[in-house]
1. What is the one condition in (1) of a type in the set (S, T, N, Q); (2) closer than 27 Å to G353 by Cβ; (3) touching a residue at least 24 places away in the same chain (Cβ under 8 Å); (4) part of a helix (DSSP H, G or I) that N187 does not satisfy?
2. Which one is modelled with the lowest pLDDT among residues in region 151-186 that are of a type in the set (F, W, Y) and closer than 18 Å to L273 by Cβ?
3. Assess whether T434 counts as being farther than 30 Å from L70 by Cα and either open to solvent by less than 70 Å² (accessible area, probe 1.4 Å) or in a helix (DSSP H, G or I) (or both).
4. Which condition breaks for A95 when tested against (1) open to solvent by 10 Å² or more (accessible area, probe 1.4 Å); (2) over 30 Å from S349 (Cβ atoms); (3) not in a helix (DSSP H, G or I)?
5. Return the total of residues in region 287-318 being crowded, with 18+ Cβ neighbours inside 10 Å and in a loop (DSSP other than H, G, I, E, B).
6. Quick one: what pairs do we get from region 287-304, first residue closer than 24 Å to A340 by Cβ and free of Cβ contacts under 8 Å to residues at least 12 places away in the same chain, second outside any helix (DSSP H, G or I) and open to solvent by 80 Å² or more (accessible area, probe 1.4 Å), C-beta under 6 Å, 6+ apart or different chains?
7. A443 - would you say it is within 12 Å of T170 (Cα to Cα), among the hydrophobic types (A, V, I, L, M, F, W, C) and assigned to a helix (DSSP H, G or I)?
8. For region 213-238, which positions are open to solvent by 10 Å² or more (accessible area, probe 1.4 Å) and free of Cβ contacts under 8 Å to residues at least 24 places away in the same chain?
Amino acid sequence: MSDTEELGRGGRLRGNAATELVAAAFAVESAHGPRLAHALSLADLAHAVALVEGGDLGGEDAKQLLRGLLELHEIPGDEFPWDPALGDAFNSREAELERRVGRSAAGWLSAGRPRREAFRVALRLTARSRARDLHDALVEQATALARHARATKTALATDYTYLQPAQPTTVGHLLLAYAYPALRDGNRAQRSHAALGASVAGAGGSAGSRWSLDRGRLAELLGCEELVEHAKDAAWQADVYVDLLSTLAIAATHQSQLGQDFEIYASQEFGLLQLADAHSRASASMPQKKNPYALAAIRTQAAQAAADVTGALVVLHSGSARTDHFHLLNGLVPRALDDAVAIARLTASVLDGLELRLERFEQIAHESVVTAADIADVLALSGELDYRSAHKVVGRAVRDLVEAGERPSVLDSERLAAAAEETIGRPVAIDADTLASALDPAACAAARRQTGSSSEAAMDAMLGTIDSAVAAHGRWSEAAREHEAAAEEALLTRARDLA
């Protein structure tokens with residue numbers, strides 16, 4: 001077999017692969033190599049160690065195989081000689097291994113496993129590592145939001161629904177609304193990390209093999225905590241990646257919502273916040289513009305993430321145990337994770353550098369009729385009206401103010417009484433001090449009683465909860481990183497010892 005012939009040719013197949021097949025299929029599979037290279041190397045090393053420890057491989061071939069694999073492990077993925085004419089990335093690795101140690105030793109690399117098993121192991125290891133990176137970036141988002149929220153927990157703001165002023169709140173309370181989804185996304189990344197920690201190594205074809213490969217030992221060598229037990233399920237399980245891609249899409253959606261909101265808030269008309277120059281872009285033709293470019297990148301990746309999970313689901317409709325599935329997933333999953341991690345880190349950086357314009361937040365709160373619900377509340381709490389009637393009275397009073405072009409601060413007992421005459425047929429009375437308090441947006445924001453509200457006590461409680469969650473996430477990440485690093489070092493040490 002020449003160096004440009006794909007694996008299996010010269011045996012079952014005659015001649016070289018068609019140029020069109022190389023260009024349309026092999027080149028795609030070979031292009032997965034750089035992202036999977038490190039994990040492919042670990043998969044091969046673990047398999048070789050297990051062959052030696054199981055007694056099926058020994059002597060000089062075993063030593064040469066391990067030495068060659070250790071040499072390949074030192075080659076960065078983007079420097080490895082990937083050759084699409086050879087087929088996929090595994091074939092390129094095998095060809096380079098044979099060039100270094102000879103056919104006799106290199107020929108043992110596939111003993112007891114199809115080449116797809118190397119990809120299954122590598123994809124899991126790669127995805128698991130990147131899921132942890134995504135988790136860390138999401139926690140960084142929550143950390144940045146909590147820092148801003150703590151500094152602005154009593155700064156007056158207006159909440160928005162339908163982009164209309166809704167209720168008085170605080171800037172800190174607004175920001176924490178984005179922190180909780182980020183932490184939930186972090187939890188989902190943790191669950192994906194755990195699912196990807198189930199080992200598929202040593203499964204053989206689809207029903208196992210006669211080789212003395214200890215699947216439990218392979219899992220240990222790869223730093224995995226458990227096994228995907230059924231051999232065929234281990235060889236072809238794909239739902240773990242759909243679940244992972246769903247996690248990416250959900251996280252991207254939350255980041256896109258934040259990006260959409262912040263682009264509006266950064267507009268001249270709102271003027272509530274501004275991105276740092278480092279996250280902005282100048283216009284090529286309009287020198288006055290400072291475009292919040294990072295937010296466009298965040299929203300774009302969310303669309304791609306939704307398309308990625310859709311594509312994975314569509315290809316899985318081709319039946320079980322089909323090459324189609326991983327022909328897509330081997331490239332899609334690492335690329336989607338790289339995109340997700342990059343954008344999650346960008347989002348965290350944007351949040352960290354955010355400039356909040358507190359005076360503008362407060363100005364809008366005072367100019368908008370955001371205390372109307374509070375006025376209805378105090379009317380109903382007085383016992384004079386049921387809540388729905390109070391709602392109608394205040395709504396009519398607001399309508400009268402808007403039509404007269406007057407500010408909400410001019411609402412007084414007489415105007416409320418007149419509105420009540422028009423809506424329920426009788427006037428209502430409200431104490432002037434009670435009405436004044438209900439008209440004050442800062443007092444309203446501070447008067448909330450419920451858990452999770454805008455009151456200072458509720459804000460302190462939520463900030464404490466987020467601080468505890470961030471700390472727990474940090475401990476988990478550090479432990480996971482140390483576990484994986486220790487397993488990799490132990491595998492390399494064992495391979496060196498056997499070589």
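The values are calculated or read from the model by the stated rules, or taken from the named source; none is laboratory data. All figures in this text were calculated on a predicted structure; none of them were measured in a lab. Positions of Cβ are generated from backbone atoms using ideal geometry, with glycine treated the same way; all protein chains shown enter the neighbour counts. When the accessible area is computed, the model is the full protein with side chains, heavy atoms only, and any ligands, DNA or RNA have been set aside. Shrake-Rupley method; radii C 1.70, N 1.55, O 1.52, S 1.80 Å.
1. (3)
2. Here is the first cut: in region 151-186, the ones of a type in the set (F, W, Y) are 160, 162, 178, 180.
Imposing the further condition that a residue be closer than 18 Å to L273 by Cβ reduces the set to 160, 178.
Values: Y160: 94, Y178: 98.
Here the answer is Y160.
3. Numbers: farther than 30 Å from L70 by Cα: yes; either open to solvent by less than 70 Å² (accessible area, probe 1.4 Å) or in a helix (DSSP H, G or I) (or both): yes.
Yes, satisfied.
4. (3)
5. 1
6. N291/R281
7. Numbers: within 12 Å of T170 (Cα to Cα): yes; among the hydrophobic types (A, V, I, L, M, F, W, C): yes; assigned to a helix (DSSP H, G or I): yes.
In short, yes.
8. R215, G216, E229, H230, D233
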